Amino acid sequence: MENSLVIEKLLNPISRQYKRNKIKSAIINSINDCMKVLLFWLVLLVFLKLLFADLKPYLDAANIVVFVGISVYFLVVVIMSAIDKIKSIETALVVDQITNPHDIVVSGLEYEITGRKSDFALFSISKACSILSDFEVTKVCIMARPLRYKMILMVLFLIVTYVLIPDHVALLNNNDFNADAALKTENQLSTDNIPGVLQNNKTDANQVARERSLFITANANSQTSAGDSNYITIGNQENSNAFAINQSLSRKMVSDNKVNEYQEDSFQMNSDKTASSSLSNLSESNVKTGDLFADTADQDNQLESDSNDKKEKGNNNSSGRSPMLDDNASAPGRELGRAGKKNGKPGNGRGGLGSVKKSRATASIMAGKPVPVFIKSRQNKGRSKSIILNSPPGRDIDRDMTLADGLEHESVIDKSVVSEEMETLVTNYFKELTEYANRKHESNTRQDK
Amino acid sequence: MRTESMKVTQDRINEFKTIFSELKSQVQSHFIGQEKLIEDVIGAFFVGGHVLLEGVPGLGKTMLAKTLAEAAGLSYERIQCTPDLMPSDIIGYKTLVETEGGSHHVAFETGPIMSNFILVDEINRATPKTQSALLEAMQEGQVTVGREKMKLPVPNFFIATQNPVEHEGTYPLPEAQLDRFLIKLNVQYPDKPDYHKIIDLTAYGKVAKVNSVLTSETLLKMQRVVEEVEVPYSVIDYIVDIVRASQPQCSGLDIVKSNVVLGVSPRAVQAIVMMAKVRSLIDDRCSVSCNDVKSVVHAALRHRIISSFAAVSSGVDIDSIITELVGFVDDTK
């Protein structure tokens, strides 16, 4: 009884220190975990805000849920680690891990708790006590993950980014992705509701138009070779014009020099023409550079599509339907061979190994859908296959046959064992039979007559 | 009072350590290298268990046993097993003896088994009948001849050797026979520096005489010291978990389920505990730890796990299975 609870008493201060360290470790670990979740969430949030401005109210709500959840998790982890009772055996194990590899303190504690009184048990307890009395409390430490400062910095950066992203930028990007939605938004926007940047753009565009005093009625016959008239008529729809400028600018910020030159030329030409043209269209149309830029780009696209249409028409007008000129790939060869890649080009799907072959017509018709043909085989040679043909018997001896051979052969086959007398007897017998039958037949016919 | 008890205990531990180290140094004077092997053999000797040494010819198995017997100062007999060795050649036989007066009577002539220290050389060359004659002697410490039972002298220690390479004309020991051995030790080739020592020792005739450092009374006293060493319940649980994990029917280890036919018996728990006790005493402790168990578990389980044909054909050896077992069982409970 002298040693009763001695080890537990010695373990108490170590347990307290161990608990403090454990709470500290729990805080650091939970911060790291929270930062990990936050980082993921904020990245998602920034992207969603940039791409879908419409989701802003939902994102705000989700934000609240996520932040509250993370806070609750953090608090629960810390509180749980704080109220968690440290068992003395756990502390003894920690001390043993630090001081010795043979669990002397744990063993001593167990002997003390179970009340073993043998000499060796008491000796073990005293050894454990000596270790604990020499043990420095400050040595107790828990292997906690270090605080991830970089992750915290990234989270802060993302929070600032999220806050600083203006709503109208998101709106613009949204319009860029969906033109129809932009048009709808355009109609809905009133002058008062237009965000600051939009209003600035609009004002700048109008200002350019006013300064140049351009009222252009452009005849597209003189500009395009397609023969389509292309009137650019701009009214007083300032909002839509301003929005269109922004739209075209955002699309063609990196437009090529050719387009720029073309724009300048057409601008020059139009201005010359409008100088001599009537001013009657003054009240009806205003030409703005942004629209012109956008329309020139559209004209280019139109030219390309016209040329393709011409090709198609040419193909249709010919006697047979020839392949498109763009389709310069040669028709697949009919020769049998290995499929797959040939000379770095994809296989034509014929012969040999390869992936999906052309559909088989009959099977496709029967099944009602394309039936791919797979040929599973190895590249190595297969097993040799011998074919036995039913050939007529013939001479398979190359050497010349002598007369003796032939005679001997035939003599063996035709060798008769019937004597001549017997042969004559049998022949006569059958002759008599035949004659008898003939005679009887003749007598019958006579009687009938 | 308590201080005196502590002092006595410490003295007993010190005495054990001293005798152990003396015996070890005497053996090391003849058997070079392989310190762990020597410690395990002496440990089994102090526990009162029997040792099976396995190794290719020329590694000094017989030399080790002979040196230990001489250092222990016990009566020593050697039995060289051959296929025509009969049980009576080991145990003894009854013979008609003529007395001085001219009368006759039947007397029992004891065999070499009636000794403290018995080296059974190349045990797998003896026939199963002769091997079985050793069963009772090893387990019960007695032999039965006719209706007469005779106790073997105490202490009683068997060291058997066998060659793992030659299989022709041999009779592999049955599982029951193997289980009688406390530990099975594999004798390995010596390290390079040890070769020099071996040459120096043998080629120049410098073989020193082995001094006897032990008596049978001292050995029995040391065996009682070992028995008194405490084993925590947590360590016993750990040993039991290892033993149960080696049994295919209750193991959670795939390597055991697929490669082991027969797991270890409860006798293995006793072997591990006793050998771990010796380990703790050598380390100046009087309580067994999980690390002590880990250091002896291979020797104690190696011959008790019977692997399947699939394991043998796929090259899975028993030691690797035991290593998996030790890694599988949690020692922090």
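The numbers here are math on the coordinates, done by the rules we state, and not lab data. A quick note: this is a predicted structure, and the numbers were derived from the prediction, not measured. Here Cβ is always computed from backbone atoms with ideal geometry, including for glycine, and neighbour counts include all displayed protein chains.
Quick notes on this structure:
- Relative contact order (percent, whole number), segment B:17-88, Cα cutoff 8 Å, 6+ residue spacing: 35
- Proxy reagent accessibility, fewest Cβ within 10 Å first, across A:446, B:285: A:446, B:285
- Judged by the ratio a/c of the largest to the smallest principal axis of the C-alpha gyration tensor, segment B:129-204 counts as prolate, that ratio being 1.5 or greater while a/b is larger than b/c.
- Here the spin labels are modelled as points 7 Å beyond Cα on the Cα-Cβ line, and at residue A:62 and residue B:192 they lie 6.6 nm apart.
- Using the Cβ of residue B:47 as centre and a radius below 9 Å, the other residues enclosed give a net charge of 0, where K and R count +1 and D and E count -1.
- The stretch between residue B:127 and residue B:224, if pulled fully straight at 0.36 nm per residue, gains 31.3 nm over its current Cα-Cα span.
- Dimensionless Rg/Rh of segment B:193-238 - Kirkwood Rh, Rg from C-alpha atoms: 1.34
- Per-residue Cβ neighbour counts within 10 Å put B:105, B:30, B:50 in the sequence B:105, B:30, B:50, beginning with the fewest.
- Shielding by partners for peptide B:289-302, expressed as the average number of C-beta atoms from other protein chains within 10 Å of each residue's C-beta, is 1.
- Sorted peptide list for B:193-206, B:235-248, A:12-25, B:294-307, criterion being average Cβ within 10 angstrom, highest first: B:294-307, B:235-248, A:12-25, B:193-206
- Other protein chain Cβ atoms within 10 Å, averaged over every residue that makes up A:104-113: 4
- Computed from the Cβ-Cβ distance with R0 of 35 Å, the FRET efficiency linking residue B:8 to residue A:16 stands at 0.45.
- Amide H contacts under 5 Å for residue B:261, placed H, 5+ residues apart: B:306, B:307, B:308
- Whole-Å semi-axes of the ellipsoid equivalent to segment A:1-150 (Cα gyration tensor, √5λ, descending): 50, 14, 10
- Stretchable slack from residue B:167 to residue B:267, in nm (0.36 nm times residue separation minus alpha-carbon distance): 33.2 nm
- In terms of its alpha-carbon gyration tensor, segment B:199-273 comes out oblate; a/c meets the 1.5 threshold, while b/c is at least as large as a/b.
- Residue by residue along A:125-132, Cβ atoms of other protein chains within 10 Å of the local Cβ number 2 on average.
- For segment B:179-325: rounded, prolate or oblate by the Cα gyration tensor [a/c cutoff 1.5]: oblate
- Estimated FRET transfer efficiency (residue B:28, residue B:306; beta-carbon r; R0 41 Å; 0.05): 0.75
- DSSP H segments from chain B that extend 24 Å or more along their own axis, Cα-based, with Kyte-Doolittle mean of -1.0 or above: B:2-28, B:266-282
- Fewest neighbouring Cβ atoms within 10 Å first, the residues A:426, A:43, B:288, A:77 line up as A:426, A:43, A:77, B:288.
- For chain B, the fraction of alpha-carbon pairs in successive 20 Å shells from zero, as %: 28, 57, 14, 1
- Structural descriptor for chain B: relative contact order 21 percent, calculated from alpha carbon pairs under 8 angstrom and at least 6 residues apart.
- Linear extension gain, residue B:139 paired with residue B:94, 0.36 nm per residue minus alpha-carbon span: 13.9 nm
- Protection-proxy order for peptides B:173-185, B:78-90, each taking the mean of Cβ atoms within 10 Å per residue, highest first: B:173-185, B:78-90
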